[in-house]
Amino acid sequence: MSIKKKLSLIMSVFALTLLSINILLSYFSTRDNLREESEANMMLTAKQIALAVEQSRSVYDYIKRESREGSNQAYIEHTLKMTSPERITQESIRSNNSLLEISGVNPLNKQSSQFLLFGTYEFKSEDLLLMAKRALDSETSFLHDTIINGERVLESFVPIEPYNQEPYVIRIISSYEPISTAISQQLLSQVLISVVLLFIVISASYILAGEVIRPIQDILKKVNQLSSGDFNTRLKIDRNDELGSLALQINTMAESLGRYTMELKQKNEENRSVNEHLESIINGTADAIHVTDAKGKILRVNSAFEDLYGWNVEEIVGSKLDFVPPFKAEEGFEWRSEQELEQGRSFVLAETVRLRKDGAQVNVSISESPIYNEEGQIAAFITISRDMTEHNKMEDLLRRSEKLTTVGRLAAGVAHEIRNPLTTLRGFLQMQQSMKMVNEMHTDIMLSELDRINLIVSEFLILAKPQAVHFEVKDVRFTLGDVISLLDSEAHLHNIEFQVYFSQAPILIHCEENQLKQVFINVLKNAMEAMPSGGMIKLLVEEEDRQAVIRVIDQGEGISKERLKKLGEPFYTNKEKGTGLGLMVSQRIIEVHKGLLEFESELGKGTIVTVTLPKVTAVIKSDDVLTEGA
């Protein structure tokens, strides 16, 4: 049902209620008025009858006293008959159709033959004497609505106290029909008027309701347009009441919704574009990506993940990924400490080994980052795996290339170093040939020179030929000492002196010795080349915070801050014949050894190169093999 009909119905019901109340009030008012009028008429009639009765009695007594014997008896009887109470009551009933019976009652005489003084007693009532006595005792008349002989009547009792006579009560029975007829006519008139008024009210209320809800209909129409997404139309405001304020607020809301909807569309378009871009990046990247929840279950993988590990989406999504080999069990989902996990830090595992679906091993570099929800809590993790197979091959080639470059640079120094003992050997041999005798002193010197040549050639061959990568526990002091022995002759050629400050206690590290030698050679060669006028290079080997620390301090020209930031970049060099790969390869070697290669330098104050490597706390010697111990 529409609001218009509801308002019209409410107003009509309200009007009907008022008209009904008016009819009821009119009914009771008319009834009471008619009863009061009837009672007044009957009181008047009773008094008239009482007066006539008194007059009749006076006439009767007078005629009776004045009559003599021989008087006209017929005349006397006729006169008494004409003035008797019965005739008066009959005439009164005849003149008033509503009167049914008039009786004179003496309630003090309870016998039926004596309590009726005049009139008739056809409408008999059991309470007649009681009611008459009540009126007589109270000396007030009253009207009684009752049913006698199956007919509804008004029974009134009027007490009469004549002078020098016994008091009595006049009982008048009046028909209720005139009152009923008058009430019915009044009600009919009221109902007809009420119907007309109700029709007028219904019509007026319907019209008025239409006028009242017209602004609401306009507002509803506008709201429907808003709900359908039309925010351009506006309501006309020509009212200053609450509906006008509502229309103004709806216009404001429509304007705001239009603006917000436009912004949402733009943001949605931007989000869609970003999502598509991210999807294309994720699906198009060569790195394997998989997303896991907080419990480690796979939520999503990209195509590169399928190509790298062999699992497809249907097989892996919803399950836990078990691709950590047994010997790398500590690198499972417990990569990080609980503190790092709570702080949501990204974790990068530089290089490790993982298993494919077929059980084959693959060298990968793994990084993991948290994904946060709206509450700022970690909801998932995104893990990126990069296949390092080709990268490792390339790095191996770079190391070999740099090693060959280093060997080439060392060739001149090695040749000069070998030439000196060979000259000594040749001289002693010529001397012994000319003397045709062997001098034991010369023999010891010749053997010593031959051992020196063998050491130099051995170190040179170690650097020159490819070596299998095999990590062992070594004392870094001896490794650096071998490099110093190899470069000592070349340093003397350039008027450079090595000053060694080694720890007295062994400093053991887990390393691939040949690779570390390559790093130390690169660092020392750079230091020597930075000192064209000669000078001193300090070498320190010590233990700091359970770490092996090697420092190379030169007195060279130093490096500017701009160049210092670019050290280690491939092909960055200021040397005429350099490749810029030496420091990059050295840094990579130190990273593989889980260490750090750092540079400190200022122009004109030399350079400090610090190599930090994890120190082995203890070793256990078993069957001539050194193994790492806790």
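Derivation of every value follows stated rules applied to the coordinates shown; laboratory data play no part. These numbers were taken from a predicted model, which means no experiment stands behind them. Backbone-built Cβ (ideal geometry, glycine too); neighbour counts: all protein chains shown.
Provide HIS510, HIS593 in ascending order of the number of other Cβ atoms located within 10 Å of each residue's Cβ, fewest first.
Ascending number of Cβ neighbours within 10 Å: HIS510, HIS593.
Classify the range 238-282 as rounded, prolate or oblate, taking a ≥ b ≥ c as the square roots of the eigenvalues of its Cα gyration tensor: rounded when a/c is under 1.5, otherwise prolate if a/b is larger than b/c and oblate if not.
prolate
Could you give the length gained by full extension between SER138 and LEU596, i.e. 0.36 nm per residue of separation minus their alpha carbon distance, to one decimal place?
My answer for the length gained is 151.9 nm.
Take GLU36, project a point 7 Å from its Cα along the Cβ direction, then tell me which residues of the range 131-153 have their backbone nitrogen under 18 Å from it.
Taking a point 7 Å out along Cα→Cβ of GLU36, the residues of the range 131-153 whose backbone N falls under 18 Å are 141-145.
Distance in nm between label sites at ASN149 and MET536, each 7 Å beyond Cα in the beta-carbon direction?
16.1
By how many nm would the segment from ARG300 to PHE28 lengthen if fully extended, with 0.36 nm per residue of separation less the alpha-carbon distance?
Contour length minus Cα-Cα distance gives 89.2 nm.
Full-extension gain between ILE216 and ARG356, please, as 0.36 nm times their residue separation minus the C-alpha to C-alpha distance.
43.4 nm
Taking 22 Å as R0, compute the FRET efficiency from the Cβ-Cβ separation of GLU374 and ARG259 and round it to 0.05.
With a Förster radius of 22 Å, E is 0.35.
How far apart, in nm, are the 7 Å Cα→Cβ label points at HIS277 and ASN392?
3.6
Any idea how far apart LYS320 and GLN432 come out in nm if each label point goes 7 Å out from Cα toward Cβ?
7.4
Say the cut-off is 18 Å between C-alpha atoms; which of LYS328/LYS594; LYS5/LYS236; LYS474/LYS538 go over it?
The answer is LYS5/LYS236; LYS474/LYS538.
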